[in-house]
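Report on the following structure.
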Amino acid sequence: MTAPAGPERADGVTAVVVDIEGTTSPTAAVVGTLYPYARARLAGWLAGHPDDPRTCRAVAQVRELLGEPAADLARVTAALDDWLARDVKAAPLKTLQGQIWAAGFAAGELTGVLFGDVAPALRRWHAAGIRLAVYSSGSAVAQRAWFGRAAALDSAGRPSPERPDDLGPLLTAHFDLDNAGPKTAERSYARIAAVLNAQPGRLLFLTDRPAELDAARAAGWRVVGVARPGEPYAAALAGYPRVSSFADLALTAA
Ligand SMILES: CSCCC(=O)C(=O)COP(=O)(O)O
Ligand SMILES: [Mg+2]
């Protein structure tokens, strides 16, 4: 029989680094809302931002990943559409999605969604003197927009978009595929520890995916899996220290 999740305790923590999809936020809010929003606007974004440096760099990265330096915009768009459909966590796709979403957030068309226990826990840990950061496949630009206008789910699982919170001031750093590297690579966590100027053993990573927990642990980090009922990886976390809610995680600062 599988042991129940949590509670978990960690003392002497310098910083908590949180994943987004499946951890702070429902997978459905990302895959069911953000992805279609980006898919519908991708071709228009590429055509409409021919001189934007971030867009140009992402297009160049797509050509590089394809091994097709002369790929035209139609070919680039088709590749991005294919990656989006298969949820390939490719850095240029995440960059472009992030730009499109950030515009959607700025226009008031999108709202971040957080499980109800997330904002209270982040506030508690922050007040206790623990630094907070995000490490997601979603770009840093998307992360800032998401946490800058975030609606908590109520007990019935409904977001309250009329009262979105700005949690940005709680977060000291945003890590993504571009500035840290793949989430399943040990070296990415070593890089983040260096940027945070923290000992790996004082860093705690919270995520829903076993392969990410393994990579962080290999880099010397402390890890706790977040096994939220109904999320795709919840059952796969059975062998890890884990909680089903941030409310079940007691932390003290270093
Ligand atoms: C608002 S960030 C969008 C999240 C995203 O695009 C994604 O791929 C989520 O992956 P995560 O690493 O947070 O599980
Ligand atoms: Mg995740």
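The values are calculated or read from the model by the stated rules, or taken from the named source; none is laboratory data. All values reported here derive from a predicted model rather than from experimental measurement. Cβ atoms come from the backbone with ideal geometry, glycine included; neighbour counts cover every protein chain shown.
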Are any of the residues in the range 236-244 touching a helix residue (DSSP H, G or I) at 6+ places or on another chain (Cβ under 6 Å), among the hydroxyl-bearing types (S, T, Y) and under 30 Å from Q61 (Cβ atoms)? no
Of all residues in the range 24-36, which are farther than 14 Å from L93 by Cβ and touching a residue at least 12 places away in the same chain (Cβ under 8 Å)? T24, S25, P26, T27, A29, T33
So if I check each of D208, D178, which one is closer than 19 Å to A119 by Cα and in contact (Cβ under 8 Å) with a residue 40 or more places away in the chain? D208
Residue that is nearest to ligand 2 (Cβ to nearest atom) [pool: residues in the range 185-219 that are over 13 Å from Y135 (Cα atoms) and outside any helix (DSSP H, G or I)]: A219
Can you name the residue in the range 89-120 that is out of contact with any Asp or Glu (no Cβ under 8 Å at 6 or more places or on another chain) and of a type in the set (V, I, T) and, of all such residues, is farthest from V59 (Cα to Cα)? V118
If you scan the range 129-144, which residues turn out to be of a type in the set (S, T, N, Q) and part of a helix (DSSP H, G or I)? Q143
Within the range 182-196, is there a residue that is without any contact (Cβ under 8 Å) to a residue 12 or more places away in the chain, under 27 Å from P229 (Cβ atoms) and assigned by TED's automatic domain parsing to the domain that holds Y233? no
Please go through the range 145-172 and pick out each residue that is surrounded by fewer than 18 Cβ atoms within 10 Å (Cβ to Cβ) and either assigned to a strand (DSSP E or B) or not polar (S, T, N, Q) (or both). D154, A156, G157, R158, P161, E162, R163, D166, G168, P169, L170, T172
